[in-house]
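Working notes, beginning with the structure itself.
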Amino acid sequence: MRRKLAAGNWKMNGLSGALEELKILSASPAPEETDILVCPPSTLLSRAADLTKRSDVAVGGQDCHPNPSGAHTGDVSAQMLADAGASAVIIGHSERRQDHNEIDKQIQEKARAAVDAGLIAIVCVGESLSEREAGDTLDVIGKQLSGSIPDGVTGETLVVAYEPIWAIGTGKVPTIAQIHEVHDFVRGQLLSRFGIEVGEGVRLLYGGSVKPNNATDIFAVANVDGALVGGASLKAADFRGIIDALGAA
Ligand code: PGA
């Protein structure tokens, strides 16, 4: 069976003092069958890795360049993230797609680079509000999946996060039926492209306004193996509430 995963995405938040929250978080063990990941800004990554070394908390990056090194001012490679202690990296978050005009092909190259560097690639997909209202959700997700996920991935190297753009940081959460529909669809797409072993092995996260008070309902949905959490991952107590709900699911 798939292990569960609670992944925190700090985005562009966190100065040195934020490591205190990580210290608190890593002081308690993970529930059974549950992995905990925190993706701080890359400025904190190696200190976060040191701090969590002997705990159940792993750390990851929020983006990487497709190349291992070179003349790319301001970018960070997957190898560099791994070298700093990361075990995973978020790829193709909607904020990257929007702020940096990232397209599926680049995201696929980044995911390839992540896997080649020994990282878990957490590939994000999700529709905008206008796409949902137009009834295009599954079409959009299908295209993002086929364009963003490289060949040759496995249940150990790929995680897919479904994050409706309109639910990120807004406090708006899709209905349970809407989450169920998309997660079933994503599972079906993975099964038809990669076959049963990989298709059943890849973990699917829901992301967008997950909080301790809605986590239990979300984690009860079939094919939801965990969450990608933004705002509520910044405070150890909030994130622990979500982790506990996942452990109990
Ligand atoms: P949120 O962000 O939990 O703050 O909505 C989720 C994400 O963007 O990963």
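The values are calculated or read from the model by the stated rules, or taken from the named source; none is laboratory data. All figures in this text were calculated on a predicted structure; none of them were measured in a lab. Cβ atoms come from the backbone with ideal geometry, glycine included; neighbour counts cover every protein chain shown. Calculation scope for accessible area: heavy atoms of the full protein, side chains included, ligands and nucleic acids excluded. Shrake-Rupley method; radii C 1.70, N 1.55, O 1.52, S 1.80 Å.
Tabulated results
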item	result
Checking Glu156 against (1) within 27 Å of Gln106 (Cα to Cα); (2) more than 15 Å from the ligand (Cβ to nearest atom); (3) not in a loop (DSSP other than H, G, I, E, B), the condition it does not meet	(3)
Count - residues of region 22-64 that are more than 16 Å from Leu234 (Cβ to Cβ), without any contact (Cβ under 8 Å) to a residue 60 or more places away in the chain and of a type in the set (Gly, Ala, Ser)	7
Helices (runs of 4 or more DSSP H) contained in region 159-249 and holding at least 2 residues in contact with a strand residue (DSSP E or B) (Cβ under 8 Å, 6 or more places away or on another chain), more than 13 Å from the ligand (Cβ to nearest atom) and among the β-branched types (Val, Ile, Thr)	176-201
In region 215-224, residue nearest to Val153 (Cα to Cα) [restricted to those that are surrounded by 16 or more Cβ atoms within 10 Å (Cβ to Cβ) and not β-branched (Val, Ile, Thr)]	Asn223
Some residue of region 199-212 being open to solvent by 10 Å² or more (accessible area, probe 1.4 Å), without any contact (Cβ under 8 Å) to a residue 40 or more places away in the chain and either out of contact with any His (no Cβ under 9 Å at 6 or more places or on another chain) or not β-branched (Val, Ile, Thr) (or both)	yes
